[in-house]
Amino acid sequence: DTEVTQTPKHLVMGMTNKKSLKCEQHMGHRAMYWYKQKAKKPPELMFVYSYEKLSINESVPSRFSPECPNSSLLNLHLHALQPEDSALYLCASSLSNTGDTDTQYFGPGTRLTVL
Amino acid sequence: GESVGLHLPTLSVQEGDNSIINCAYSNSASDYFIWYKQESGKGPQFIIDIRSNMDKRQGQRVTVLLNKTVKHLSLQIAATQPGDSAGYFCAEKSGGSNYKLTFGKGTLLTVNP
């Protein structure tokens, strides 16, 4: 089973709202990732968690706040977003991110619209 | 900075033909590459990967070729089917330990019946 699940599938929020995106995997993977993808563009890395610790932050604005409560869950807390933050938010996981060739498996994404 | 890029943004083929999607990379230190397929409204799906100590790797109906001399990667799809219509992205691993993937621009493949 190489399934990464994400909820919700779609989210519409105002610029003053606070919401959270959730990601879950039960493959025993110890690295989890958040990506942002705009239409017809490749995914762009936002955050990497390795063994529940934040290891990479790609200079993401503080209105995006990641959290890794345990090895199976990854959250992305959203606050005071801008319309340009509207995008597909993808979660991925891999066995680790310190291995030689650890494949990343992606979830279906959350389609976020900021009004 | 260094990046992965693609030669063609769109590719249209007839059903049953072979498809070739190309990707150029600029980081000579990259040692691992992945091809992903992404259907509309879905997340990227792993297709095949290759390490830099290999020139070729084959899967089911797909072959990845790596030419390190010219820093070029290609994905060949045999007997292309309508279900192959999707976006295709190459990605390269960078950063050594604690690595991250950098994605290329992507190619949209359309298979005509």
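Placing dummy labels 7 Å off each Cα toward the beta-carbon, the span from A:MET15 to B:THR10 is 3.4 nm. Comparing B:PHE33, B:SER19, B:ALA91 along the charge dipole axis of the protein assembly as shown, the residue lying farthest to the positive side is B:ALA91, per the Cβ-charge model. Label positions at A:SER65 and A:TYR51, each projected 7 Å from the Cα along the C-beta direction, are separated by 2.6 nm. Debye calculation, C-alpha points only, no solvent: report log10 I(q)/I(0) for the stretch B:28-113 at q = 0.13, 0.25 Å⁻¹, in the same order as the q values. Taken in order of the listed q values, log10 I(q)/I(0) reads -0.43, -1.34. With a Förster radius of 22 Å applied to the beta-carbon distance between A:SER72 and B:LYS42, the computed FRET efficiency rounds to 0.50.
Starting from the exponent 0.38 and prefactor 2.2 Å, build the expected Rg for the protein assembly as shown from its residue count and divide its actual Cα Rg by it.
1.01
Dividing the mean sequence gap of close Cα pairs (under 8 Å, 6+ apart) by how many residues chain A holds gives a relative contact order of 37 percent. For A:LYS41, a cut-off of 18 angstrom between C-alpha atoms picks up these aspartates and glutamates, skipping any fewer than 8 places away in its own chain: A:GLU58, A:GLU84, A:ASP85, B:GLU2, B:GLU39, B:GLU92. Computed over the stretch A:1-65, the quotient of the alpha carbon radius of gyration and 2.2 N^0.38 Å is 1.23. Taking the Cα centre of the stretch A:1-110 as reference, the dipole from Cβ charges on Lys and Arg (+1) and Asp and Glu (-1) amounts to some 440 debye.
By the Cβ distance rule of under 4.7 Å, the protein assembly as shown has these cysteines without a partner: A:CYS68. Rg/Rh for the stretch A:24-102 (Cα atoms only, Rh after Kirkwood) is 0.97. Simple spin-label estimate for B:ALA78 and A:ARG111 gives 3.6 nm between the two label positions (7 Å along the Cα-to-Cβ direction from each Cα).
Quick note: the coordinates plus some simple rules give every number you see, no bench work behind them. Note that the structure is a prediction, hence the values are computed from the model and not measured. Note: ideal-geometry Cβ built from the backbone for every residue, glycine included; neighbour counts use all protein chains shown.
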